[in-house]
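Let me begin by presenting the structure, written as structure tokens, before commenting on it.
The values are calculated or read from the model by the stated rules, or taken from the named source; none is laboratory data. Small disclaimer: the values here were computed from a predicted structure and weren't measured. When we count neighbours, we look across all protein chains shown, and the Cβ atoms used for this are built from the backbone with ideal geometry, even at glycine.
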Amino acid sequence: MSRTRHVNCVIPPYILEKLLESDDRQVRQAALDTLLTTARLRGERAVRASFAAAASANGRRTVFDCEQGRFLQLAVLARSEDGPPATDEAANRAFDALGLTRDFYQEVFQRNSIDDRGMRLDGYVHFAVKFNNAFWDGREMVFGDGDGVKFGDLTRSLDVIAHELTHGVTDFTAGFEYHNQSGALNESISDVFGTLVKQWSLKQSVEEADWLIGTEVWTPGIDADALRSMKAPGTAFDNAQFGRDPQPDRMSRFVHMPDTEEGDHGAVHYNSGIPNKAFYLTAKRIGGFAWEAAGLIWYESLKVSQADFQFQDFADTTYRKAGELFGAGSTEQSAVLAAWREVEVPISGIPTGVARARSLAVDGSDGAGREDGVAALGRQLSALSTRVAELADDVAALKRAR
């Protein structure tokens with residue numbers, strides 16, 4: 001049974017569950033209401049998703065105001081594609097973020113909206129009372145206002161909105177099953193393109209970007225940088241209320257949890273830190289604007305991936321795609337190889353020595369490191385050729401002895 005039909009929420013469950021331990025009764029109640037509402041919405045997800053493909057209108061945006069209600073069909077129109085700006089800033093922020101995400105996919109990857117067929121983009125603001133989340137349900141984006149104590153208005157974060165919409169792109173491409181490693185890939189892809197939308201809108205280079213997801217989600221009273229860090233998974237927050245960011249940054253720190261709702265479907269929000277770090281390292285090694293090369297490699301790999309892909313499958317696909325797009329042995333392909341090797345997902349079929357040599361080549365900062373890496377690669381290939389020749393001689397000798 002496919003597991004791609006899932007309500008994808010911005011705030012990971014391990015954060016909301018921490019709020020249930022708060023000394024503030026209102027904070028506890030807001031967290032409980034958010035978790036219960038999210039559980040109810042999962043039951044509606046499959047029904048909504050089945051109608052998604054039929055709602056095509058050249059990516060036209062419409063934003064509705066739920067007025068703190070929980071029933072989307074009762075929401076009132078706040079802003080349309082052809083109408084004036086709304087008097088409500090949350091509606092305008094949602095409208096602008098929907099447009100920026102749509103335009104990013106169109107201009108950078110020539111993708112026509114979420115489904116590549118002009119799917120309309122509907123957003124709903126002011127959902128429920130003190131709802132500590134925002135989500136994509138297969139058909140529309142829904143935003144809560146936050147409890148005002150721990151979380152603020154969820155429309156304030158562009159990368160979070162782009163993250164959620166990208167779950168839709170994944171649904172219409174690879175359809176990564178939402179559990180275990182494929183589920184972590186699902187979450188990681190949304191972080192990758194969420195941050196790329198933000199970087200593209202600000203015209204930030206790899207070096208200028210902060211590589212943080214959801215910096216605007218927390219209220220000023222919370223001592224935390226963001227929900228997640230792609231540059232350094234496990235460092236986005238560390239405080240008394242939520243503990244320390246639990247994301248791993250390599251396979252030796254992989255988090256094992258049961259494939260249940262309580263187990264975050266096999267720790268999908270935890271282990272997404274591993275492919276996140278691989279993307280960051282790839283972009284860093286290539287340099288420039290991350291969406292131009294690293295983003296293209298990841299996007300083209302997403303389009304040819306399968307629903308049950310594991311980290312190894314996706315790593316191998318990005319390596320192959322980098323070679324197809326930029327040439328075998330190119331800086332871009334070497335960057336992919338080195339990045340996955342650093343997070344302990346070595347590319348299949350590439351000897352360790354060769355991977356290490358090519359990592360040295362692409363990591364050279366002044367040319368000397370690159371030169372040394374190429375020399376090391378040459379030595380490794382020479383040694384392999386010698387070994388192959390020796391094996392051929394041994395086989396010949398065995399045949400003569402018969």
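Go through (1) more than 30 Å from Val345 (Cα to Cα); (2) modelled with pLDDT under 95 and name the single condition Glu164 misses.
Unmet condition: (1).
Identify, from the list Ala338, Ala383, the residue that is buried (at least 18 other Cβ atoms within 10 Å of the Cβ) and either modelled with pLDDT under 50 or under 20 Å from Gly288 (Cα atoms) (or both).
So the residue among Ala338, Ala383 that is buried (at least 18 other Cβ atoms within 10 Å of the Cβ) and either modelled with pLDDT under 50 or under 20 Å from Gly288 (Cα atoms) (or both) is Ala338.
May I ask you to list the residues in region 181-219 that are closer than 21 Å to Leu302 by Cβ and either among the acidic types (Asp, Glu) or in a loop (DSSP other than H, G, I, E, B) (or both)?
Across region 181-219, the qualifying residues are Glu187, Asp191, Val206, Ala209, Trp211.
Return the total of residues in region 59-108 being assigned to a helix (DSSP H, G or I) and of a type in the set (Asp, Glu).
Within region 59-108, residues that are assigned to a helix (DSSP H, G or I) and of a type in the set (Asp, Glu) number 4.
Matching residues to (1) crowded, with 16+ Cβ neighbours inside 10 Å; (2) more than 25 Å from Gly221 (Cα to Cα); (3) charged (D, E, K, R):
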| residue | (1), (2), (3) |
| --- | --- |
| Ala86 | yes, yes, no |
| Ala90 | yes, no, no |
| Asp96 | yes, yes, yes |
| Arg102 | yes, yes, yes |
| Gln106 | no, yes, no |
| Asp115 | yes, yes, yes |
| Asp137 | yes, yes, yes |
| Glu140 | yes, yes, yes |
| Gly148 | no, no, no |
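Can you report the number of residues in region 179-197 which are more than 20 Å from Ala232 (Cβ to Cβ) and among the hydroxyl-bearing types (Ser, Thr, Tyr)?
1
Take region 246-292 and flag every residue that is surrounded by 24 or more Cβ atoms within 10 Å (Cβ to Cβ), without any contact (Cβ under 8 Å) to a residue 60 or more places away in the chain and part of a loop (DSSP other than H, G, I, E, B).
Within region 246-292, Gln247 is the sole residue that qualifies.
Please enumerate the residues belonging to region 5-53 that are modelled with pLDDT of 85 or more and of a type in the set (Val, Ile, Thr).
Ile11, Ile15, Val27
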